[in-house]
Amino acid sequence: MPTRHSLPSFLIRWMINTIALSAAVQVIPGIHFTDGPLQLPAVALVFGVVNAVLRPILTVLSCPLVLLTLGLFTLVINGVMLLLTARLAAIWNLGFSVDGFWPAFWGGLVVGIVSLMLALLVSGDQRPAPG
């Protein structure tokens, strides 16, 4: 059963994904978004679902590579998630595309960094003040 905080948490995560994908589109040549402003949140939703469903499976299956590369293989997983999102976005005509593995790799890095920074900014320090 969903908790009271799950819906706001989902919406915040969705907004973070939308902003992070927008940053990747702006910064990485080879990542394109051609539709209106309402389509990017739809792409972020697809990205979130792809990450929620497939990332754990890929991480478990590639665990030896992740360990061997001291976690750097997760950047490849991020790129694969972005490529898959672009494929699904093309099927659903959402105007999001990635030109190949390397733009997806660098885009995954940008999305990861922006998402981390925004998540840290949003979460802040939730502990009560001493006193």
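The values are calculated or read from the model by the stated rules, or taken from the named source; none is laboratory data. All values reported here derive from a predicted model rather than from experimental measurement. Virtual Cβ from ideal backbone geometry, glycine too; neighbours counted across all protein chains shown. The accessibility values were calculated without ligands, DNA or RNA, using every heavy atom of the protein model including side chains. Shrake-Rupley method; radii C 1.70, N 1.55, O 1.52, S 1.80 Å.
So how much accessible area does residue 62 have, in Å² to the nearest 10, using a 1.4 Å probe?
Accessible area, nearest 10 Å²: 10 Å².
Taking all protein chains together and a probe of 1.4 Å, list 14, 102 from the most accessible to the least accessible. Numbers along the way, then the final one.
Numbers: 14 80, 102 150 Å².
Descending accessible area places them as 102, 14.
Largest first, how would 10, 33, 101, 96 line up by accessible area (1.4 Å probe)? Please list the in-between numbers first.
Working: 10 100, 33 50, 101 75, 96 5 Å².
Ranking 10, 33, 101, 96 by accessible area, largest first, yields 10, 101, 33, 96.
Which of the three applies to the chain, rounded, prolate or oblate, going by the alpha-carbon gyration tensor with a ≥ b ≥ c and a/c under 1.5 meaning rounded?
Details: a/c = 1.69, a/b = 1.22, b/c = 1.38.
Cα axes put the chain in the oblate bin.
When the helices in the chain are scored as -39500 (n - 2.57) per DSSP H run of 4 or longer and the sum is shared across all residues, what 222 nm value do you end up with, to the nearest 500 deg cm²/dmol? Display every interim value, and only then the final one.
On the way: 5 runs with 93 residues, N = 131.
It comes out at -24000 deg cm²/dmol, rounded to the nearest 500.
Full extension from residue 87 to residue 122: what is 0.36 nm times the residue separation minus their Cα-Cα distance, to one decimal in nm? Don't skip to the answer; put the middle values down first.
Working: separation 35, 0.36 × 35 = 12.60 nm, distance 3.01 nm.
Stretched out fully, the residue 87 to residue 122 stretch lengthens by 9.6 nm.
In sequence order, what are the phi-derived ³J(HN,Hα) couplings for segment 49-59 according to the Karplus relation 6.51 cos²θ - 1.76 cosθ + 1.60 with θ = phi - 60°, rounded to whole Hz, with x for glycine and proline?
Working through the residues one at a time gives 5, 4, 5, 5, 8, 8, 4, x, 5, 5, 5 Hz.
Listed highest first by mean packing, meaning other Cβ atoms within 10 Å per residue, what order do 39-45, 104-110, 53-59, 23-29 come in?
By packing density, highest mean first, the sequence is 104-110, 39-45, 23-29, 53-59.
State to the nearest 20 debye the size of the charge dipole of the chain about its Cα centre, where the only charges are +1 on K and R beta carbons and -1 on D and E beta carbons. Can you show the working numbers first?
On the way: 5 positive and 3 negative charges, 61 e Å.
Computed charge dipole of the chain: roughly 300 debye.
In square angstrom, rounded to the nearest 10, how much accessible surface does residue 35 have for a 1.4 Å probe?
Looks like 60 Å² after rounding.
Using a 1.4 angstrom probe on the protein heavy atoms only, could you order 81, 15 from most to least accessible area? If you can, show how the numbers build up before the last one.
Numbers: 81 0, 15 125 Å².
Highest to lowest solvent-accessible surface, that is 15, 81.
Excluding ligands, DNA and RNA, what is the solvent-accessible area per residue of segment 7-131 at a probe of 1.4 Å, expressed in Å²? Walk me through the intermediate numbers first.
Values: 7620 Å² over 125 residues.
Per-residue value: 61 Å².
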